[in-house]
Amino acid sequence: MDNCSEAERVFSDWALDDRAERMWRNHLPRVEQIWPRIPVSSGNYLEVGCGAGRCLRHIAENQFRAGRCTGIDVSEAMVELARKNNAGVHNVSVEKADFLSWKPPDGTHFDAIFSMEVFYYFTSIEAGISRAASMLGPGGRLFVLVDLYKENRDSHDWSEKLGIPMQMWSKSQYIEGFNSAGLTDINQVLLHDPNGDPQVDAPTLCTYGAKKDAVLQT
(Lines give C-alpha, C1' and ligand atoms only; values in the text may rest on other atoms or scores of the structure.)
Protein backbone atom coordinates (compact mmCIF):
# COMPACT_ATOMS: atom_id res chain seq x y z
CA MET A 1 0.00 0.00 0.00
CA ASP A 2 2.28 2.80 -1.24
CA ASN A 3 -0.34 5.38 -0.26
CA CYS A 4 -0.18 3.99 3.29
CA SER A 5 0.42 7.37 4.96
CA GLU A 6 -2.66 8.93 3.32
CA ALA A 7 -4.83 5.97 4.31
CA GLU A 8 -3.43 6.01 7.84
CA ARG A 9 -4.34 9.68 8.18
CA VAL A 10 -7.93 9.10 7.09
CA PHE A 11 -8.41 5.96 9.19
CA SER A 12 -6.92 7.64 12.25
CA ASP A 13 -9.37 10.52 11.88
CA TRP A 14 -12.22 7.99 11.68
CA ALA A 15 -11.01 6.17 14.79
CA LEU A 16 -10.83 9.38 16.80
CA ASP A 17 -14.21 10.85 15.91
CA ASP A 18 -16.42 7.73 16.18
CA ARG A 19 -16.74 7.21 12.43
CA ALA A 20 -15.07 3.81 12.81
CA GLU A 21 -17.91 2.62 15.02
CA ARG A 22 -20.55 4.14 12.75
CA MET A 23 -18.90 2.49 9.77
CA TRP A 24 -18.98 -0.86 11.55
CA ARG A 25 -22.68 -0.52 12.32
CA ASN A 26 -23.25 0.19 8.64
CA HIS A 27 -21.19 -2.82 7.53
CA LEU A 28 -22.62 -5.27 10.07
CA PRO A 29 -25.85 -6.25 8.21
CA ARG A 30 -23.69 -7.31 5.25
CA VAL A 31 -20.70 -8.78 7.07
CA GLU A 32 -22.83 -11.02 9.27
CA GLN A 33 -24.15 -12.72 6.12
CA ILE A 34 -20.61 -13.99 5.48
CA TRP A 35 -19.87 -15.22 9.00
CA PRO A 36 -21.59 -18.61 8.45
CA ARG A 37 -19.23 -19.24 5.52
CA ILE A 38 -16.12 -18.82 7.68
CA PRO A 39 -15.10 -22.27 8.93
CA VAL A 40 -14.89 -23.35 12.56
CA SER A 41 -11.20 -23.92 13.24
CA SER A 42 -8.59 -24.32 15.95
CA GLY A 43 -6.02 -22.75 13.62
CA ASN A 44 -5.19 -19.16 12.68
CA TYR A 45 -7.43 -16.34 11.44
CA LEU A 46 -6.22 -13.06 9.94
CA GLU A 47 -8.22 -9.89 9.43
CA VAL A 48 -6.66 -7.36 7.06
CA GLY A 49 -7.77 -3.87 8.03
CA CYS A 50 -9.45 -4.82 11.29
CA GLY A 51 -10.68 -1.29 12.00
CA ALA A 52 -12.52 -1.06 15.33
CA GLY A 53 -12.03 -4.81 15.85
CA ARG A 54 -15.71 -5.74 16.15
CA CYS A 55 -15.63 -8.43 13.47
CA LEU A 56 -12.34 -9.71 14.87
CA ARG A 57 -13.94 -10.18 18.28
CA HIS A 58 -16.94 -12.03 16.84
CA ILE A 59 -14.74 -14.52 15.00
CA ALA A 60 -12.47 -14.98 18.04
CA GLU A 61 -15.46 -15.78 20.24
CA ASN A 62 -17.17 -18.02 17.72
CA GLN A 63 -15.60 -19.82 14.73
CA PHE A 64 -12.01 -19.48 16.02
CA ARG A 65 -12.65 -19.63 19.76
CA ALA A 66 -10.25 -22.59 19.88
CA GLY A 67 -7.79 -20.89 17.55
CA ARG A 68 -5.77 -17.71 17.28
CA CYS A 69 -6.94 -14.46 15.68
CA THR A 70 -4.74 -11.65 14.38
CA GLY A 71 -5.87 -8.23 13.21
CA ILE A 72 -3.69 -5.74 11.36
CA ASP A 73 -4.37 -2.14 10.41
CA VAL A 74 -2.26 0.71 9.03
CA SER A 75 -3.63 3.17 11.60
CA GLU A 76 -2.25 3.20 15.14
CA ALA A 77 -5.46 4.86 16.33
CA MET A 78 -7.50 2.03 14.81
CA VAL A 79 -5.18 -0.54 16.39
CA GLU A 80 -5.65 1.06 19.81
CA LEU A 81 -9.43 1.06 19.31
CA ALA A 82 -9.42 -2.59 18.22
CA ARG A 83 -7.32 -3.56 21.24
CA LYS A 84 -9.76 -1.75 23.51
CA ASN A 85 -12.73 -3.51 21.90
CA ASN A 86 -11.01 -6.90 22.30
CA ALA A 87 -9.84 -6.41 25.86
CA GLY A 88 -10.18 -9.67 27.74
CA VAL A 89 -10.40 -11.82 24.62
CA HIS A 90 -7.49 -14.19 25.17
CA ASN A 91 -6.99 -15.38 21.59
CA VAL A 92 -6.73 -12.00 19.83
CA SER A 93 -3.69 -9.92 18.92
CA VAL A 94 -3.74 -6.65 16.98
CA GLU A 95 -0.80 -4.86 15.40
CA LYS A 96 -0.05 -1.89 13.19
CA ALA A 97 1.13 -3.06 9.78
CA ASP A 98 0.88 -2.59 6.03
CA PHE A 99 -0.36 -5.95 4.74
CA LEU A 100 1.76 -5.92 1.57
CA SER A 101 4.96 -5.79 3.66
CA TRP A 102 3.74 -7.56 6.80
CA LYS A 103 5.17 -10.99 7.58
CA PRO A 104 3.39 -13.47 9.86
CA PRO A 105 5.47 -15.43 12.36
CA ASP A 106 7.61 -18.13 10.78
CA GLY A 107 5.62 -21.24 9.97
CA THR A 108 2.25 -19.54 10.42
CA HIS A 109 -0.49 -20.20 7.88
CA PHE A 110 -4.09 -19.11 8.09
CA ASP A 111 -7.27 -21.12 7.81
CA ALA A 112 -9.18 -17.94 6.95
CA ILE A 113 -8.23 -14.42 5.86
CA PHE A 114 -10.98 -11.80 5.87
CA SER A 115 -10.97 -8.20 4.67
CA MET A 116 -13.67 -5.54 4.43
CA GLU A 117 -13.06 -2.37 2.43
CA VAL A 118 -9.26 -2.61 2.18
CA PHE A 119 -7.98 -4.23 -1.01
CA TYR A 120 -8.76 -1.28 -3.28
CA TYR A 121 -6.34 0.86 -1.25
CA PHE A 122 -3.45 -1.34 -2.37
CA THR A 123 -1.33 -0.12 -5.26
CA SER A 124 -2.05 -3.52 -6.78
CA ILE A 125 -5.16 -5.50 -5.86
CA GLU A 126 -3.64 -8.48 -7.64
CA ALA A 127 -0.57 -8.30 -5.39
CA GLY A 128 -2.81 -8.20 -2.32
CA ILE A 129 -4.77 -11.27 -3.40
CA SER A 130 -1.59 -13.18 -4.28
CA ARG A 131 0.01 -12.30 -0.95
CA ALA A 132 -3.08 -13.40 0.95
CA ALA A 133 -3.23 -16.67 -1.01
CA SER A 134 0.41 -17.37 -0.15
CA MET A 135 -0.40 -17.10 3.57
CA LEU A 136 -3.25 -19.61 3.47
CA GLY A 137 -2.75 -23.15 4.68
CA PRO A 138 -4.16 -26.14 2.75
CA GLY A 139 -7.88 -25.55 2.38
CA GLY A 140 -7.56 -22.04 3.79
CA ARG A 141 -10.14 -19.51 2.62
CA LEU A 142 -9.86 -15.90 1.52
CA PHE A 143 -12.80 -13.49 1.81
CA VAL A 144 -12.52 -10.06 0.16
CA LEU A 145 -15.42 -7.64 0.62
CA VAL A 146 -15.53 -4.27 -1.13
CA ASP A 147 -18.06 -1.52 -1.75
CA LEU A 148 -15.86 0.18 -4.34
CA TYR A 149 -16.09 -1.70 -7.64
CA LYS A 150 -16.91 -0.77 -11.22
CA GLU A 151 -20.51 -1.93 -11.16
CA ASN A 152 -21.22 0.32 -8.16
CA ARG A 153 -21.43 3.74 -9.77
CA ASP A 154 -21.94 5.46 -6.43
CA SER A 155 -18.37 4.53 -5.47
CA HIS A 156 -16.64 6.00 -8.50
CA ASP A 157 -15.81 9.36 -6.86
CA TRP A 158 -14.58 8.01 -3.51
CA SER A 159 -10.91 8.41 -4.40
CA GLU A 160 -11.43 12.06 -5.27
CA LYS A 161 -13.53 12.74 -2.17
CA LEU A 162 -11.03 11.16 0.24
CA GLY A 163 -7.91 12.31 -1.59
CA ILE A 164 -6.45 8.79 -1.61
CA PRO A 165 -5.51 6.79 -4.71
CA MET A 166 -7.79 3.77 -5.05
CA GLN A 167 -7.85 0.86 -7.49
CA MET A 168 -11.22 0.01 -9.00
CA TRP A 169 -11.85 -3.50 -10.27
CA SER A 170 -14.95 -5.05 -11.76
CA LYS A 171 -16.64 -8.18 -10.46
CA SER A 172 -15.02 -10.26 -13.20
CA GLN A 173 -11.57 -8.87 -12.38
CA TYR A 174 -11.89 -10.09 -8.80
CA ILE A 175 -12.76 -13.55 -10.09
CA GLU A 176 -9.76 -13.44 -12.42
CA GLY A 177 -7.52 -12.23 -9.59
CA PHE A 178 -8.51 -15.16 -7.38
CA ASN A 179 -7.92 -17.54 -10.28
CA SER A 180 -4.50 -16.05 -10.98
CA ALA A 181 -3.55 -16.53 -7.33
CA GLY A 182 -4.27 -20.26 -7.66
CA LEU A 183 -7.43 -20.26 -5.54
CA THR A 184 -10.24 -22.67 -6.28
CA ASP A 185 -13.97 -23.02 -5.53
CA ILE A 186 -14.32 -19.32 -6.18
CA ASN A 187 -17.69 -17.77 -5.37
CA GLN A 188 -19.04 -14.26 -5.57
CA VAL A 189 -22.10 -12.79 -3.87
CA LEU A 190 -23.71 -9.36 -3.62
CA LEU A 191 -24.64 -8.55 -0.03
CA HIS A 192 -27.62 -6.27 0.49
CA ASP A 193 -28.57 -4.65 3.77
CA PRO A 194 -31.84 -6.45 4.57
CA ASN A 195 -33.05 -3.30 6.32
CA GLY A 196 -32.03 -0.93 3.53
CA ASP A 197 -33.64 0.26 0.34
CA PRO A 198 -32.28 -1.84 -2.58
CA GLN A 199 -33.06 1.04 -4.90
CA VAL A 200 -30.71 3.30 -2.95
CA ASP A 201 -28.17 1.13 -1.12
CA ALA A 202 -25.58 -0.47 -3.40
CA PRO A 203 -24.63 -4.03 -2.34
CA THR A 204 -21.25 -5.08 -1.01
CA LEU A 205 -19.30 -7.34 -3.36
CA CYS A 206 -17.86 -10.42 -1.66
CA THR A 207 -15.45 -12.71 -3.51
CA TYR A 208 -14.17 -15.80 -1.74
CA GLY A 209 -12.20 -18.89 -2.59
CA ALA A 210 -10.03 -21.64 -1.16
CA LYS A 211 -6.48 -22.88 -1.45
CA LYS A 212 -6.29 -26.22 -3.26
CA ASP A 213 -9.46 -28.29 -3.35
CA ALA A 214 -11.44 -27.30 -0.26
CA VAL A 215 -15.17 -27.23 -0.95
CA LEU A 216 -16.80 -24.02 0.20
CA GLN A 217 -20.25 -23.69 1.73
CA THR A 218 -22.46 -21.69 -0.64
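Using the Cα centre as the reference, give the magnitude of the dipole from point charges on the C-beta atoms of the range 110-218 (Lys, Arg: +1; Asp, Glu: -1; all else neutral), rounded to the nearest 20 debye. All intermediate terms of the calculation are to be shown ahead of the outcome.
Values: 8 positive and 14 negative charges, 86 e Å.
Once rounded to the nearest 20, the dipole reads 420 debye.
Run the dipole for the chain about the Cα centre, Lys and Arg Cβ at +1, Asp and Glu Cβ at -1, nothing else charged, and hand back the magnitude in debye, nearest 20. Numbers along the way, then the final one.
Numbers: 22 positive and 30 negative charges, 135 e Å.
Using only the charged Cβ atoms, the result is roughly 640 debye.
Which value at 222 nm does the chain reach when only helices count, each DSSP H run of 4 or more adding -39,500 (n - 2.57), with the total divided by all residues and rounded to the nearest 500 deg cm²/dmol? List each step's numbers first, then the result.
Working: 7 runs with 70 residues, N = 218.
Mean residue ellipticity, 222 nm, calculated: -9500 deg cm²/dmol.
For the chain, what relative contact order do you get, as a whole percent, if you take Cα pairs closer than 8 Å and at least 6 residues apart? Don't jump to the answer; show the numbers that get you there.
On the way: 422 pairs, mean separation 42.2, N = 218.
It rounds to 19 percent for the chain.
How much of the DSSP bridge set in the chain is antiparallel, in percent, rounded to the nearest 5? Walk me through the numbers before you get to the answer.
Values: 13 of 33 bridges.
Restricted to the chain, the bridges split so that about 40 percent are antiparallel.
Can you give the accessible area of residue 65 in Å² (nearest 10), computed on protein heavy atoms with a 1.4 Å probe?
Probe radius 1.4 Å; accessible area of residue 65 about 150 Å².
Within the range 114-162, what whole-number % of the accessible surface is contributed by carbon and sulfur, with the 1.4 Å probe and all protein chains included in the calculation? Walk me through the numbers on the way to the answer.
Values: 850 of 1850 Å².
Result for the range 114-162: 46 percent of the exposed heavy-atom area is carbon or sulfur.
Among the listed pairs 84/211; 161/211; 84/212; 150/211; 103/171; 84/171, which are separated by more than 30 Å between their Cα atoms?
Numbers: 84/211 33 Å; 161/211 36 Å; 84/212 36 Å; 150/211 26 Å; 103/171 28 Å; 84/171 35 Å.
Correct reply: 84/211; 161/211; 84/212; 84/171.
In Å², what does the accessible area per residue of the chain work out to with a 1.4 Å probe? Write down the numbers at each step before the final one.
Values: 9850 Å² over 218 residues.
In whole numbers, the chain has 45 Å² accessible per residue.
With springs only between Cα atoms under 10 Å, which of 176, 47, 160 fluctuates most in a Gaussian network model of the chain?
Evaluated over the chain, the most mobile residue of the options is 160.
Shape verdict for the chain, please, from the Cα gyration tensor: rounded (a/c under 1.5), prolate (a/b greater than b/c) or oblate.
On the way: a/c = 1.29, a/b = 1.07, b/c = 1.20.
Rounded.
The values are calculated or read from the model by the stated rules, or taken from the named source; none is laboratory data. Not measured: the values here are computed from a predicted model. Every residue, glycine as well, gets a Cβ built from its backbone with ideal geometry; the counts of neighbours run over all protein chains shown. Each accessible area value is taken on the protein alone, full model and side chains, heavy atoms only, with ligands, DNA and RNA left out. Shrake-Rupley method; radii C 1.70, N 1.55, O 1.52, S 1.80 Å.
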